[in-house]
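Below is one structure, written out as structure tokens; the observations come after it.
The values are calculated or read from the model by the stated rules, or taken from the named source; none is laboratory data. Computed from a predicted model, the values in this text were never measured in an experiment. All Cβ positions, glycine included, derive from the backbone under ideal geometry; neighbour counts span all protein chains shown. Just the protein is used for accessible areas: all its heavy atoms, side chains included, with ligands, DNA and RNA removed. Shrake-Rupley method; radii C 1.70, N 1.55, O 1.52, S 1.80 Å.
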Amino acid sequence: GFVPQERMPINEQEPIAPANPYAFSKWFAETLLLDAATKRGLQLCICRPFTHIGPRQRPEFAASSFARQIASIEAGKAEPVIRVGNLKAQRDIMDVKDMAAAYLAVARSGAAGPLNMATGKPVYISDVLDKLVALSTVDLKVEIDPARLRPIDIPLLAGDPTALKKATGWEPSIPLERS
């Protein structure tokens, strides 16, 4: 949900207040799992992944949408216009390979609790676009597409990975530019 900037990055003790149906579904699943684990005396680790990017990501996500549009433009299949949503949002973005390594570290460690899988370092979505545009071989124009704007958009979302690092020793290693 909406967490004030002064409480960023979000730690695992932050009260959960889902701001949209997707977030509510995650909270509800977590609640059901914790209840079932408690009733059965099981140790459970809830992983809370923040934004991750990488190969074969669905095209409706910002980074993959930008990359696909640029590739289509460079191939001559589209006009040189990238259509975007809110570029002012900030997200904690991690490479999917780092995310997979984090899950593996959690599984190997036997860690418990909820654990944020994050970098703790939010970036503007505009910076992601700028990095991709800088790699492009063509001149591009950027246009805001109202259809890509979310009715409820959290301006800043970053997770505190301290508990994950403490429980597993894991840290992200792949810079955004490489992703």
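The 1.4 Å probe gives accessible areas that order ARG40, ARG68, ARG83, ARG148, largest first, as ARG40, ARG68, ARG148, ARG83.
One Cα centroid belongs to the stretch 117-159, the other to the stretch 38-53; the line between them spans 28 Å.
In terms of accessible area, using a 1.4 Å probe and ignoring ligands and nucleic acids, LEU164, LEU34, LEU42 rank largest first as LEU42, LEU34, LEU164. Rg and Dmax, both from the Cα atoms of the stretch 1-82 and both in Å, are 18.8, 59.
Sites count as exposed loop sites when they are chymotrypsin sites (Phe, Trp or Tyr not before Pro), lie in a DSSP loop, and have at most 14 other Cβ atoms within 10 angstrom; the longest stretch of the chain without one is 62-179. Taking the helices alone, the chain has a mean residue ellipticity at 222 nm of -11500 deg cm²/dmol, built from -39,500 (n - 2.57) per DSSP H run of at least 4 residues and averaged over all its residues. Shape analysis of the stretch 1-146 based on the Cα gyration tensor places the equivalent ellipsoid semi-axes at 35, 17, 14 Å, largest first. Averaging the sequence gap over all C-alpha pairs within less than 8 Å and six or more residues apart, then dividing by the number of residues, gives the chain a relative contact order of 32 percent. The residues neighbouring LYS131, those whose beta-carbon lies less than 12 Å from its own, together hold a net charge of -2 under the Lys/Arg +1, Asp/Glu -1 convention.
Using every pair of separate Cα atoms, the Kirkwood estimate puts the hydrodynamic radius of the stretch 63-147 at 15.0 angstrom. With 32 Å as the limit on Cα-Cα distance, the pairs of LYS141/LYS165; LYS39/LYS121; LYS121/LYS141; LYS131/LYS165; LYS26/LYS77 that go past it are LYS141/LYS165; LYS39/LYS121; LYS26/LYS77. Taking all protein chains together and rolling a 1.4 Å probe, ILE16 ends up with roughly 80 Å² accessible. Subtracting the Cα-Cα distance of ASP35 and LYS166 from their residue separation scaled by 0.36 nm leaves 44.6 nm. Ordering 106-117, 86-97 by mean Cβ neighbour count within 10 Å, with the highest value first, yields 86-97, 106-117. With a cut-off of 15 Å between beta carbons, the residues surrounding GLY113 carry a summed charge of -1, where Lys and Arg count +1 and Asp and Glu -1. Of the listed residues ILE82, ILE10, the order by accessible area with a 1.4 Å probe, largest first, is ILE10, ILE82.
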